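Undergrad: Submitted below is the structure of interest, expressed as structure tokens.
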Amino acid sequence: MAGTEGGAPGFGVALRRLRAAQKSAKGVSLYSRYVNRPVGRVLAAGAYRVGMTPDQVTLVSAAFSGGGIVVLAVGVPSWGLAVGVYAALAVGFALDSADGQLARLLGKGGPAGEWLDHVVDAGKITAVHAAVAVMFYRHFALPGEGWLLLPLGFQFAAVMIFFGGLLKDKLTPGGAAGPAAAASRWRAVALLPVDYGVFCGVFLLLGSQCAFRWGYAALFCVHALFLAGFLGKWFRELRAVR
């Protein structure tokens, strides 16, 4: 596709430039590498063509994620609700990838945009588990009140993984980026259970209280195991920093 009359690249040109400007795949799960980033790339090219800024894309991402979380908290569990919540969260996650890709395309990345992106991520991770707790309390026939603690534990594990990984990257000299050749397919597969995009898929089970409850509990157990492993790994790596 040729560029537009004003000299700015068209959608196809922008898409090709975005493909050539991807971040390293190191430490990224298969879902993010082969689903979320490619979808985000298309959304970034579309946002470029309509003149959006990266911060505006971040806010649209927050609107989709926030809308899905609100519906989760106030809606009645059903298969229709399951599809709606999943779609809103998945689109929000793809837009979360698009804002950074658009910033690289425009050369407009900066501390303010990064701060906004991380604030939205932190709010999303915290709120989605709070919404599950509200839904459990309002609509689920739980075997015992102890199940109400599950979203709180999941929230703790998810926030610790997000903040611990973010802080580890900031404290590592030279940042966390590495050569693309260092990306491991095995590690990409192993990281799937703690990928936010995979987590969003559990909401497709909302039409069945039992299936959702056990699916959510299984993902919590995996997150708790990964948290223990990540904390030890990150601490050892930071202790080796001179």
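The values are calculated or read from the model by the stated rules, or taken from the named source; none is laboratory data. Values in this document were obtained by computation on a predicted structure and should not be read as measured data. Positions of Cβ are backbone-derived with ideal geometry, glycine not excepted, and every protein chain shown enters the neighbour counts. With ligands, DNA and RNA removed, areas are computed over all heavy atoms of the protein, side chains included. Shrake-Rupley method; radii C 1.70, N 1.55, O 1.52, S 1.80 Å.
Undergrad: Quick one: in the range 149-160, which of the residues that are hydrophobic (A, V, I, L, M, F, W, C) and farther than 16 Å from Ala211 by Cα is farthest from the chain's Cα centre (by Cα)?
TA: Restricting to residues being hydrophobic (A, V, I, L, M, F, W, C) and farther than 16 Å from Ala211 by Cα, the top hit is Leu149.
Undergrad: Taking Gly123 as the residue in question, decide whether it is under 17 Å from Gly201 (Cα atoms) and either not in a helix (DSSP H, G or I) or not charged (D, E, K, R) (or both).
TA: no
Undergrad: I've got another one for you. What's the total number of residues in the range 137-159 that are in contact with a Leu (Cβ under 9 Å, 6 or more places away or on another chain) and free of Cβ contacts under 8 Å to residues at least 40 places away in the same chain?
TA: 3
Undergrad: Using beta carbons and a limit of 8 Å, which pairs, at least six apart or on different chains, have the first residue in the range 33-56 and closer than 10 Å to Phe11 by Cα and the second one in a helix (DSSP H, G or I) and open to solvent by 60 Å² or more (accessible area, probe 1.4 Å)?
TA: Hits for this filter: Ala45/Phe11; Gly46/Phe11; Ala47/Gln56; Tyr48/Phe11; Arg49/Phe11.
Undergrad: Here's a check for you: in the range 169-184, which residue that is in a helix (DSSP H, G or I) and over 16 Å from Ser29 (Cβ atoms) is modelled with the lowest pLDDT?
TA: The residue in question is Ala181.
Undergrad: While we're on this one: Please determine, by comparing only the residues of the range 91-123 that are buried (at least 23 other Cβ atoms within 10 Å of the Cβ) and within 20 Å of Ile161 (Cβ to Cβ), which one is nearest to the chain's Cα centre (by Cα).
TA: Applying the filter and picking the extreme gives Phe93.
Undergrad: Related question: When residues of the range 138-158 are filtered for being more than 19 Å from Ala228 (Cβ to Cβ) and assigned to a helix (DSSP H, G or I), how many remain?
TA: So the first thing to find is which residues in the range 138-158 are more than 19 Å from Ala228 (Cβ to Cβ), and the list is 138-148, 151.
With the extra rule that they be assigned to a helix (DSSP H, G or I), the set shrinks to 138-139, 145-148, 151.
Total satisfying the criteria: 7.
Undergrad: For Ala112, are the conditions met, namely being in contact (Cβ under 8 Å) with a residue 60 or more places away in the chain and in a helix (DSSP H, G or I)?
TA: The answer is no for Ala112.
Undergrad: If you go through the range 185-216, how many residues are among the small types (Gly, Ala, Ser), in contact (Cβ under 8 Å) with a residue 60 or more places away in the chain and assigned to a loop (DSSP other than H, G, I, E, B)?
TA: 1
Undergrad: For the range 144-160, enumerate the residues that are open to solvent by 50 Å² or more (accessible area, probe 1.4 Å) and under 21 Å from Leu72 (Cα atoms).
TA: Glu145, Gly146, Leu148, Leu149, Leu152, Phe156, Val159
Undergrad: Looking for whichever is assigned to a helix (DSSP H, G or I), of a type in the set (A, V, I, L, M), over 22 Å from Ala82 (Cα atoms) and open to solvent by less than 50 Å² (accessible area, probe 1.4 Å) here; the options are Leu231, Leu166, Leu219, Leu238. Which one fits?
TA: None of the others qualify; the one that does is Leu166.
Undergrad: Filter the range 25-76 down to residues that are among the polar types (S, T, N, Q) and over 14 Å from the mean Cα position of the chain (by Cα) and give me whichever is nearest to Leu204 (Cα to Cα). Give the derivation first.
TA: Within the range 25-76, the subset among the polar types (S, T, N, Q) is 29, 32, 36, 53, 56, 58, 61, 65.
When the remaining residues are screened for being over 14 Å from the mean Cα position of the chain (by Cα), the result is 53, 56.
Working: Thr53: 32, Gln56: 28 Å.
Among residues in the range 25-76 that are among the polar types (S, T, N, Q) and over 14 Å from the mean Cα position of the chain (by Cα), the one nearest to Leu204 (Cα to Cα) is Gln56.
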